[in-house]
Amino acid sequence: MDKNSDYQKDIESIRHMMEKSVKFLSLTGLSGILAGVYALIGAGFAYSEVYLPQTPFDYPNQSAKEITVIIKLVTIALAVLVSSLITGYILASRKANKLGVKVWNTTSKRLVINLLVPLVTGSIFLMFLAFYGYYALVAPAFLIFYGLALIQASPNLYDEIRYLGYLEIALGIISAALPGFGLIFWAVGFGVLHIIYGAMMFKKYDR
């Protein structure tokens, strides 16, 4: 019995070491929650620029075609992205220190590459959509490419990331079928889902 117990401990130790070598375990659930909060705040600012005085549930009579509005929306999106990245890095660094590992290592480099390929591709595609005036497809495409990026990066993260990616893609497809409601789907995908996911990850891995 003792030998079997020792074997099991050895197997668990080996499994844990292998997992640490391929997965970025410094990601925190709190960073997901805060990213969702930032996204909802950004959606609120975007609503004031595009929909006001209409409600977001009213099909807009005019889409955001004015260059000044587009610049403001891009600025809001970049502010949300930068805030989320900075917050995620700070929290990941703190968790990495507690775990006794480096936040920037081979695994995190591989993670960044896996994330950037779909995101950069999607960003270029989104610029073409905006250039040719397909504004109603920008939010759906953003959700779809973001979902693909999460699935691509999931082998280097927690397994739950893959399911978040599936949900983002599903939201993007539904959003494409309902043009004019992109801001609502954007708020749900980047705001609500991130908060729910972050809360689940915090409860499971950070406590």
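Taken together, the values in this text are just the output of simple stated rules run on the coordinates, not laboratory data. On a predicted model such as this, the values are computed, not experimentally measured, just so you know. Neighbour counts are summed over all protein chains in view; Cβ atoms, including those assigned to glycine, are modelled from backbone coordinates with ideal geometry.
Here's the yes/no breakdown for (1) in a helix (DSSP H, G or I); (2) of a type outside the set (A, V, I, L, M, F, W, C):
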residue: V101; (1), (2): no, no
residue: S123; (1), (2): yes, yes
residue: L126; (1), (2): yes, no
residue: G133; (1), (2): no, yes
residue: L137; (1), (2): yes, no
residue: P140; (1), (2): yes, yes
residue: I144; (1), (2): yes, no
residue: Q152; (1), (2): yes, yes
residue: P155; (1), (2): yes, yes
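Scanning region 86-107 for residues that are among the basic types (K, R) and under 16 Å from L30 (Cα atoms), we see that the one that is surrounded by the fewest Cβ atoms within 10 Å (Cβ to Cβ) is K98. Residue pairs whose Cβ atoms lie under 9 Å apart, sitting 6 or more positions apart in sequence or on different chains, and linking a residue in region 103-130 that is under 19 Å from I151 (Cα atoms) to a partner that is among the polar types (S, T, N, Q) and not in a helix (DSSP H, G or I), are S108/S26.
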